[in-house]
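> One structure, as structure tokens, below. Some questions next.
None of the figures in this text is laboratory data; all of them are computed from the coordinates on show. Everything quoted here is computed from the prediction, not taken from an experiment. Cβ placement follows ideal geometry from the backbone for every residue including glycine, while neighbour counts extend to all protein chains displayed.
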Amino acid sequence: MCRMEIRGWSYEAFSLALVIQIERHCPLFSGGAVGYFSYDFVHHFEDLPRVAADDLQLPDMHLIFVDSVVAIDHVEQQLHLIFAPPKDRCTMESYDSLCAEWNGKLADLDNRLNTPPPPMKDVPETPPTLTSTLSKETYMQRVRQCQEYIAAGDIYQANLSQRFVADLAGYEPQTLYQRLREVNPSPFGAFIEFGEVTIASVSPERLVRLQDRVAETRPLAGTRQRGKTTDDDSRLTDELLADPKEQAEHVMLVDLERNDIGRVCRYGTVQTNEFMAVEQCSHVNHIVSTVQGELAESRDAFDLIQAMFPGGTITGAPKIRCMEILDELEPTTRGPYTGSLGYLSLSGDSLRDRQRYQWIYSSWRRYRCGLDTRARIRRDAVEGRSLVCRNARLTMYIYLNGQFVDEKHATVSVFDRGFLYGDGVFETMRAYQGRIAWLEQHLDRLFQSAEMIYLHIRHSKQDFTAVLQELIDRNTLDNALIRITLTRGITSPGLDPEPDSHHTTVITTRPYLPYPAIHYADGVSVVIVTVRRNLIDAVSPRIKSLNFLNSILAKAEATQKGAVDGIMLNQDNYLTEATTSNLFLVRHGELFTPAVTCGILAGITRNVVVELAEANGTSCHQQPLTVEELYSAEECFLTNTSMELMPVTQVDDRMIGNGRPGPVTNQLHDEFQLYVTQYISRGDRGQAASCGTTGS
């Protein structure tokens with residue numbers, strides 16, 4: 001646990017102490033060292049000032065050496081069990097004794113896998129309060145100082161960081177990591193427990209990898225929030241790539257990383273294999289590039305770490321001067337935050353370091369996360385700090401029977417009729433920029449559904465409006481999907497609905513994640529499923545019932561057939577709808593959609609599309625439609641609240657039209673996007689749908 005000097009350590013010395021003959025079919029990590037290098041590890045090989053207070057007193061580097069590995073290959077769906085004892089044990093102990101030890105480890109693992117783990121401790125009902133080590137005024141003053149250094153020519157950019165601290169009494173680190181993964185499913189998630197320190201990483205960036213003597217780094221610089229729609233997402237991506245400032249910053253940092261990696265690579269081998277590609281994460285789009293080089297014969301993995309560490313994307317440029325300035329302006333050392341974690345494999349040529357964004361210091365039972373704003377003269381630092389504070393959120397709230405509770409504490413009785421019988425109704429809505437679209441129509445439909453099942457709602461529509469807005473604000477969501485669920489609650493045993501029972505009210509929100517852009521660009525495939533739509537006289541399609549088994553079975557059949565969705569027919573063999581969306585056809589330049597009398601839920605988005613079509617002069621017919629009419633259609637698309645308009649280019653392995661989204665579909669899609677933008681900008685909750693108030 002002591003601090004380890006870089007002097008006297010090399011990858012060669014490390015590998016000589018271990019078994020280095022690894023089968024080629026083994027995973028990249030087959031035993032070796034796992035751990036972290038803190039940001040402050042750089043002081044062991046760079047002459048930098050130490051002005052910031054080292055209040056945490058954590059090791060600058062902490063590695064543990066593991067000889068037993070359980071490695072899961074998620075791509076190949078394989079589980080690797082590896083035992084790689086140190087070389088001295090292999091020479092001093094018999095093969096039989098080592099095999100016996102391994103068999104004991106396997107028996108222990110088998111016992112653990114067959115023993116249900118203890119339930120993970122839940123988080124406290126009251127979420128922790130995050131406190132920054134810098135006040136807003138002080139932080140802004142430090143940003144201005146960075147800008148002065150930029151104006152004076154000292155640096156081009158600096159990544160000024162601030163630390164957030166929260167009391168974690170009652171929290172389990174594993175639970176917190178799981179929560180971080182739910183809120184931010186980044187590609188380089190990692191969780192390591194080292195006794196006095198526990199690290200939870202949700203980083204989007206890999207600093208460096210060494211494999212087969214090829215060193216690789218992927219600098220990430222340039223970010224935009226994901227769009228609220230697919231078109232908006234594409235627009236923001238285009239703006240990101242076209243922004244001169246983002247281009248200049250990315251080129252500068254790629255140049256910096258090329259210089260760093262070139263210090264230890266064979267001359268002439270360094271190249272940029274991927275330049276300014278866009279990588280999509282759950283909430284943001286990033287610009288990334290890939291720089292590779294062949295490691296020089298005289299160099300090893302530790303030389304590569306020393307050359308690359310810390311990454312220029314978390315310091316600024318030029319790197320050394322930036323680190324001097326950051327040490328002057330940041331009140332405390334960074335510790336593991338913006339350092340790297342990863343592994344050093346026994347194979348002798350594998351290294352993966354992951355940039356640190358969030359971490360836990362568990363012995364103090366304190367949560368500490370670091371977040372930075374890149375200071376530039378042209379950057380709005382106030383806006384940047386607001387984004388940082390939103391990103392530090394750890395929990396999501398749910399509205400449950402009059403209370404806003406943490407999602408982990410939102411529970412419903414097993415005797416609730418919604419759970420026992422699916423006795424209830426629901427409504428799904430979408431928020432754009434914090435405003436719920438067509439809220440009045442959605443609430444009208446919710447109350448209509450409840451009335452049709454004899455469920456008396458004890459809240460007014462105004463009550464719901466206020467609660468919905470507060471829930472969005474509490475969860476700091478701009479673009480979100482919202483669901484209201486009403487059940488009949490707990491009643492006497494039996495099926496008697498008891499209209500005066502106290503219903504259960506649950507409202508949930510989650511960030512809206514756009515559908516894959518390729519779905520809109522190329523269209524999707526659907527199939528006609530054998531599952532029939534419920535009879536109108538059995539359960540009215542106007543009721544948004546909790547019992548979704550009809551659609552679930554249809555979706556399962558479509559998935560088994562390799563399609564994105566399934567189209568259901570009614571008992572008269574007419575088209576109805578997909579599992580969660582309405583269906584439109586284009587024939588002879590005119591729009592067709594199944595009539596309500598065919599047994600469909602006439603969606604709000606459907607009604608908006610009908611209104612838009614009529615406004616642009618496209619005739620729209622609501623009538624019974626056959627499978628043959630679908631097969632021979634020129635265009636086809638689906639609509640609902642979440643997907644908006646989704647082109648369909650294949651039905652039952654038959655191409656629709658020319659196999660591409662058609663002009664009518666594209667025009668209506670563009671008009672819908674504009675309609676939403678105008679609707680949100682004017683704050684209008686008015687009559688967006690003129691053909692009814694039910695649907696999805």
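> Which of T576, T485, T465 comes first, and how do the rest follow, when ranked by fewest Cβ neighbours within 10 Å?
Ranking T576, T485, T465 by Cβ neighbours within 10 Å, fewest first, gives T465, T485, T576.
> Scale the Cα Rg of segment 397-511 by the rule-of-thumb value 2.2 N^0.38 Å and send over the ratio, two decimals.
That works out to 1.05 for segment 397-511.
> May I pose another question? For the pairs K228/K461; K408/K561; K136/K228; K319/K408; K245/K408, note any where the Cα-Cα span goes beyond 32 Å.
K408/K561; K319/K408; K245/K408
> What's the exposure ranking of E172, E635, going from fewest to most Cβ atoms within 10 Å?
E172, E635
> Rank the residues K461, K245 as a footprinting-exposure proxy: fewest other Cβ atoms within 10 Å of their Cβ go first.
Values: K461 15, K245 12.
Ascending Cβ contact count within 10 Å gives the list K245, K461.
> Over segment 475-578, one equal point on each Cα, no solvent: what is log10 I(q)/I(0) by the Debye formula at q = 0.10, 0.20, 0.21, 0.23 Å⁻¹?
-0.46, -1.14, -1.16, -1.19
> Next question. For segment 85-187, what size does the Cα cloud have along each of its three principal axes, sorted from largest down, in whole Å?
So the three principal-axis extents are 69, 44, 24 Å.
> Write down, largest first, the equivalent ellipsoid semi-axes of segment 519-681 in whole Å, where each equals the square root of 5 times an eigenvalue of the alpha-carbon gyration tensor.
On the way: eigenvalues 106, 68, 46 Å².
Gyration-tensor ellipsoid for segment 519-681: 23, 18, 15 Å.
> For segment 397-511, what relative contact order do you get, as a whole percent, if you take Cα pairs closer than 8 Å and at least 6 residues apart?
Relative contact order, segment 397-511: 37 percent.
> Can you tell me the FRET efficiency between L513 and T91 if r is taken as the Cβ-Cβ distance and R0 is 60 Å, rounded to the nearest 0.05?
0.65
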